[in-house]
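The values are calculated or read from the model by the stated rules, or taken from the named source; none is laboratory data. Because the structure is predicted, anything quoted here is derived from the model rather than measured. Because the Cβ atoms are built from the backbone with ideal geometry, glycine has one as well, and the counts that use them run over all protein chains shown. For accessibility, only protein heavy atoms count, side chains too; no ligands or nucleic acids. Shrake-Rupley method; radii C 1.70, N 1.55, O 1.52, S 1.80 Å.
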Amino acid sequence: MRLIGESIYLRNLAVIMAFKDKSPFTVDDMHRLTKLNRCECQESIRLLLPIGAIQRVSKCNDTRGVSVYHYHVAPNAESLLNSVRRSVRKASAQKVTKKKVKHSPKKPSSDEPCGYKVVKKANVSGMGWSYLNHLDQLLAGVRV
């Protein structure tokens, strides 16, 4: 599960609190009641469904023929969200302690200023791009 930031956690908690005692709701109901935009509502549902904080109750078609899902908040949704948040924080803290120190990149020698090599002709053979070959021919006149 991806890292749950503070704002995402608070948004999901607000959704749970808003619909805890309500009958089944849709994304549009969530949009109207919580003042979140539809993308944020769908993201909240995508995060809360796998952990079991909300359940999909039914699927029906609206007047335009689009499928609409109805959801219901689980009775222990708050504790499920908190446990996922704790486990993700614990896992991320373990990853931070296990990170290795990266070695510094190789410093350029005095022969190669800034690590660049000066070549007489660029090796573009086999690239299959005709404009690179054309560019190489144009630049041939200005090479030293």
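Would a scan of the stretch 54-63 turn up a residue that is modelled with pLDDT of 85 or more, part of a helix (DSSP H, G or I) and on the phi < 0 side of the Ramachandran plot? No, because not a single residue in the stretch 54-63 is modelled with pLDDT of 85 or more, part of a helix (DSSP H, G or I) and on the phi < 0 side of the Ramachandran plot. Restricted to the stretch 5-42, and to residues there that are over 17 Å from the mean Cα position of the chain (by Cα) and small (Gly, Ala, Ser), the residue that is modelled with the lowest pLDDT is 23. When the stretch 3-21 is limited to residues that are of a type outside the set (A, V, I, L, M) and free of Cβ contacts under 8 Å to residues at least 40 places away in the same chain, the one that is surrounded by the most Cβ atoms within 10 Å (Cβ to Cβ) turns out to be 11.
State yes or no: is residue 75 of a type outside the set (Gly, Ala, Ser), in a loop (DSSP other than H, G, I, E, B) and at pLDDT 90 or above?
Working: of a type outside the set (Gly, Ala, Ser): yes; in a loop (DSSP other than H, G, I, E, B): yes; at pLDDT 90 or above: yes.
Judged against the criteria, residue 75 is a match.
Mind checking which residues of the stretch 24-41 are touching a helix residue (DSSP H, G or I) at 6+ places or on another chain (Cβ under 6 Å), part of a helix (DSSP H, G or I) and of a type outside the set (Ser, Thr, Tyr)? Outline the logic, then answer.
So in the stretch 24-41, the residues touching a helix residue (DSSP H, G or I) at 6+ places or on another chain (Cβ under 6 Å) come out as 25, 27, 30-31, 33-34, 38, 41.
Adding the requirement that they be part of a helix (DSSP H, G or I) leaves 27, 30-31, 33-34, 38, 41.
Hits for the stretch 24-41 are 27, 30, 31, 33, 38, 41.
Go through the stretch 6-23 and give me each residue that's under 14 Å from residue 70 (Cβ atoms) and assigned to a loop (DSSP other than H, G, I, E, B). 22, 23, listed by residue number. Among the residues making up the stretch 95-143, those that are at pLDDT 70 or above, polar (S, T, N, Q) and open to solvent by less than 100 Å² (accessible area, probe 1.4 Å) are 130, 133. Taking every residue in the stretch 50-79 that is farther than 19 Å from residue 21 by Cα and touching a residue at least 40 places away in the same chain (Cβ under 8 Å) and pairing it with any residue that is part of a loop (DSSP other than H, G, I, E, B) and open to solvent by 40 Å² or more (accessible area, probe 1.4 Å), at least 6 positions away or on another chain, the pairs with Cβ-Cβ distances below 7 Å are 68/62.
Against the conditions (1) under 14 Å from residue 81 (Cα atoms); (2) modelled with pLDDT under 90; (3) crowded, with 16+ Cβ neighbours inside 10 Å; (4) not acidic (Asp, Glu), residue 45 satisfies every one except (2).
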